[in-house]
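Right, one structure below, let's go through it.
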Amino acid sequence: MARQKKRGIDYFPLDCDFFSDRKIKILKSRYGADGITIYLYLLCEIYRNGYYIRMDDDFYYIMSDDLNMNYDKAKQVLTFLLERSMFDKQLFQSDAVLTSAGIQRRYQLAVKTRAKKNPIEIEGFWLLKEEETEPFIKVAHFEDCSGKNEDNFRKKGDNSREKSLKESKVKKSKGYYADPALEREFSLYVDMRNHTGPELTKEQIKVLKEELDSLGETDEEKIGIVRKAFASGWKSFYPIRKRQQGKKPKKQGSHNFKQRDYDFDELEKKLLKKQMEGGITFE
């Protein structure tokens, strides 16, 4: 019986400047150590399997149990990773597949030694172009399709991916807000809601936007409201309570008596004058 070819790899390289990466810094600032842990967990699962994994609800439960984390938080972090292009968002939306071009580049380097003797046949979901793919990685689509259909090389029957791309462009053209930062945060919140529950309708999104507009006076205030709702996993927006800055009580002397200021030089002159006049005697 022929030995089954190994699909995954035993280890993958991690750059020394990993924590200096801007995306990692933002991930850590939003979700702390939990965000970093979830990201590394997903990378380990992908490389253990090869260059991609399929996601479903069971995977979220397993990951949450393995990491002893909240199910909803795991979904929120993944939504953030997709929005920040740390995984390929279009492929995830069309086929629930988690991977990225960077992951596949590192996968090529990791299997280079063994693949030179036994070339690896790619079954689908390959994101790299033909000129980026090493010779020992055999992608059937490169041989069957012309360069005019490069998008079709990436996976088998990717009509759903093309449809997802078109829908993505339509969504981008219908922006919610003119301010890029607010648009990004609100879109991220909507995606989180779509991943953690039933997909929102256009009318529901409209109501959410109206609710946010009524709660925040400025774009900066609205961004704060959205971020709070996103981090807390809320299904609605709530106003951010501002601390009322009361007047500080004036410092007083002991027993709360009002202190008086005295001119001791002037007082001494008055005492000496009265002494000379005989009004005051000292024994």
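What the table shows:
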item: Rough spin-label spacing in nm, given labels placed 7 Å along Cα→Cβ, for Tyr41 and Glu221; result: 3.8
item: Percent of Cα-Cα distances greater than 21 Å, calculated over the stretch 18-160; result: 47
item: Listed pairs Lys23/Lys112; Lys28/Lys75; Lys28/Lys235; Lys23/Lys206; Lys6/Lys112; Lys73/Lys222 exceeding 18 Å between Cα atoms; result: Lys23/Lys112; Lys28/Lys235; Lys23/Lys206; Lys73/Lys222
item: Full-extension gain in nm, Glu203 to Arg105, via 0.36 nm per residue minus C-alpha separation; result: 31.1 nm
item: Pairwise FRET efficiency - Tyr11 versus Lys228, Cβ, R0 = 41 Å, nearest 0.05; result: 0.60
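We did not get these values from a lab; they are worked out from the coordinates using the rules stated. Keep in mind it's a predicted model, so treat the numbers as computed, not measured. Don't worry about glycine lacking a Cβ; one is built from the backbone with ideal geometry, like all the others, and counts go over all protein chains shown.
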